[in-house]
Amino acid sequence: MPGAGKSTIAEGLQSKGYDIINMGNTVREEAKKRNLEPTRSNLGKLMLELREKNGPGAVAELVKPLIESSTTNVILIDGIRSNDEIQVLRKFGNVKLLAIHASTNTRFDFLQKRGRSDDPQTKEHFEERDNRELGVGISNPIALSDNAISNTDLTKDELIEAAFRIIQSWIE
């Protein structure tokens, strides 16, 4: 779910040589192309519009050029939202899912501190975003993940190291 620690892990693992693709950044880039301000409302509407017009795997389709241009064997994709996106990504190779769990209070706190233009600043906006994410199917990849980390009382370094160990076990 938003704010659980996915981007923190991705940023931390980038220094270990992994290519990182952030699905949310792909939507932000699409908003930029359309001259839309990257607000919570605009990005939420755009994400839904892309899926409505181009199918439920639409955001994953947008990352295809990034995958095709990668020179590494392992790409970390931050922010998968549905099984349809997973099916798109499986066209490029083996897909493993790592779910990051955190309580709603922890996630809300993380999002308020993160400071992205689309991060919710009220509980109402937070719940609205969670409901939108659940509506596109985010609970399915979480439930079907190959591994999970509970981001409870972990330091940033502990969270990143836990993810690194799991990903390395998949590669070996």
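Every number here is computed from the coordinates shown, using simple stated rules; none is lab data. Everything numeric here is computed off the predicted structure, so don't read it as measured data. When we count neighbours, we look across all protein chains shown, and the Cβ atoms used for this are built from the backbone with ideal geometry, even at glycine.
Summary table below
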read-out: Residue order, fewest to most surrounding Cβ atoms within 10 angstrom, among 114, 107; value: 114, 107
read-out: Whole-Hz ³J(HN,Hα) from phi, Karplus 6.51 cos²θ - 1.76 cosθ + 1.60, for segment 137-143, glycine and proline x; value: x, 4, 5, 5, x, 4, 5
read-out: Förster radius 41 Å - calculated FRET efficiency between residue 152 and residue 91 (Cβ-Cβ, nearest 0.05); value: 0.70
read-out: For the chain, calculated [θ]222 nm from helices alone, where every DSSP H run of n ≥ 4 adds -39500 (n - 2.57); value: -16500 deg cm²/dmol
read-out: Residues with amide H under 5 Å from that of residue 101, placed H, sequence gap 5 or more; value: 149, 150, 151
read-out: Distant-in-sequence amide H partners of residue 77 (H built 1.01 Å from N, under 5 Å); value: 21
read-out: Distance (nanometres) between label positions extended 7 Å along Cα→Cβ at residue 171 and residue 49; value: 3.9 nm
read-out: At 1.567 mPa s and 4 °C, Stokes diffusion of segment 61-170 via Kirkwood alpha-carbon radius, µm² per second; value: 83 µm²/s
